[in-house]
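*Asks:* Pasting a structure below so you can have a look.
The values are calculated or read from the model by the stated rules, or taken from the named source; none is laboratory data. Here the structure is a predicted model, which is why all the values come from computation and not from measurement. Virtual Cβ from ideal backbone geometry, glycine too; neighbours counted across all protein chains shown.
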């Protein structure tokens, strides 16, 4: 990487271990959920290099409406967001392994002084920083390779001025409501009392639209789901046969969420970091939730974390919303 690149690379951004090497942090996360009475694996483990590649394909599928709907909405509303954002603001994006959406805002903001990208995908962050060094050489770029649910501090030069937080992709929907409230409260502490926060939310809609978005005809989402097992084989010394698990998608109306599962096709025992994990036939690993909010429900969620919805933009079909949050008055 060029020494002139204005990038902050944290220690977490070290290269992945050699093939077959045990990554204790991955094994610990996996075992915590797989040894529970109802098996789960945290969706953060989806995003190794192959997971990022497959997710990029998902965003281009005809069934997967969120990315194109949000992008169109960002294109239409970026000027309005910029008009409500101070000159010289830094853009801080959570879950940022690709700069595509951020650029729509950076091109609209008035003299943005910095871009901070926060994500667990260290390799994707480094590649993105290199691309931005070529395409936006005057922009200070800081990448932070970490789980954005953990407390973190912004670079001092960023924290010293106005900040616009950005959490696109309806990723807020992957968080259980209490976790979402904690995240929003932690983001408030990170971004500062004068900051604003632009959050993308996928709105509740007909399951006939929702279900195909997570179970496409080409099977890309199924491959994305099963790739998690391949990652555990590589990084957690696991012995999964991905073909012995079926991709299952469920609409849970009571919880207003899409659920993704991996269902065991037969009774089997899998080793994970030397621990046996037993599966009954049809038993599932719950790999992801995607909550679909109503505008009123999200406003209440944000309010519980000390934010107020200052402005909201929706697409014409009412499928997706961008909510501009500001700190609620005491």
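*Asks:* Looking only at residues that are in a loop (DSSP other than H, G, I, E, B) and on the phi < 0 side of the Ramachandran plot in the range 223-246, which one is surrounded by the most Cβ atoms within 10 Å (Cβ to Cβ)?
*Replies:* Per the criteria, the residue is 236.
*Asks:* Here are the criteria: (1) in a strand (DSSP E or B); (2) surrounded by fewer than 19 Cβ atoms within 10 Å (Cβ to Cβ); (3) in contact (Cβ under 8 Å) with a residue 24 or more places away in the chain. Tell me which single one residue 217 does not satisfy.
*Replies:* (1)
*Asks:* Provide a single number: the residues in the range 105-132 that are at pLDDT 95 or above, touching a helix residue (DSSP H, G or I) at 6+ places or on another chain (Cβ under 7 Å) and either assigned to a loop (DSSP other than H, G, I, E, B) or not assigned by TED's automatic domain parsing to the domain that holds residue 90 (or both).
*Replies:* 4
*Asks:* Also: Restricting to the range 142-161, give me the number of residues that are out of contact with any helix residue (DSSP H, G or I) (no Cβ under 7 Å at 6 or more places or on another chain), buried (at least 19 other Cβ atoms within 10 Å of the Cβ) and part of a loop (DSSP other than H, G, I, E, B).
*Replies:* Qualifying residue count for the region: 1.
*Asks:* A further question follows. In this structure, does residue 182 turn out to be part of a loop (DSSP other than H, G, I, E, B) and in the same structural domain as residue 85 (by TED's automatic domain parsing)? Steps first, please.
*Replies:* Details: part of a loop (DSSP other than H, G, I, E, B): no; in the same structural domain as residue 85 (by TED's automatic domain parsing): yes.
No; evaluated as a whole, the condition is false for this residue.
*Asks:* Still on this structure: List the number of the failed condition for residue 161; all other conditions in (1) closer than 24 Å to residue 87 by Cα; (2) modelled with pLDDT of 95 or more hold.
*Replies:* Going through the list (1) closer than 24 Å to residue 87 by Cα; (2) modelled with pLDDT of 95 or more, residue 161 breaks only (2).
*Asks:* I need the helices (runs of 4 or more DSSP H) fully contained in the range 1-86, keeping only those with at least 3 residues that are at pLDDT 95 or above and in contact with a strand residue (DSSP E or B) (Cβ under 9 Å, 6 or more places away or on another chain). Steps first, please.
*Replies:* Numbers: elements: 24-34, 49-58, 65-83.
Ranges flagged: 24-34, 65-83.
*Asks:* Please give the number of the condition residue 168 fails out of (1) surrounded by 21 or more Cβ atoms within 10 Å (Cβ to Cβ); (2) more than 30 Å from residue 62 (Cα to Cα); (3) in contact with a strand residue (DSSP E or B) (Cβ under 6 Å, 6 or more places away or on another chain).
*Replies:* Among (1) surrounded by 21 or more Cβ atoms within 10 Å (Cβ to Cβ); (2) more than 30 Å from residue 62 (Cα to Cα); (3) in contact with a strand residue (DSSP E or B) (Cβ under 6 Å, 6 or more places away or on another chain), the lone unmet condition for residue 168 is (2).
*Asks:* Tally up the residues in the range 274-296 that are under 20 Å from residue 174 (Cα atoms) and touching a residue at least 12 places away in the same chain (Cβ under 8 Å), please. Break it down stepwise before answering.
*Replies:* Step one: of the range 274-296, the residues under 20 Å from residue 174 (Cα atoms) are 284-296.
Okay, now just the ones that are also touching a residue at least 12 places away in the same chain (Cβ under 8 Å), so 284-295.
Final tally of qualifying residues: 12.
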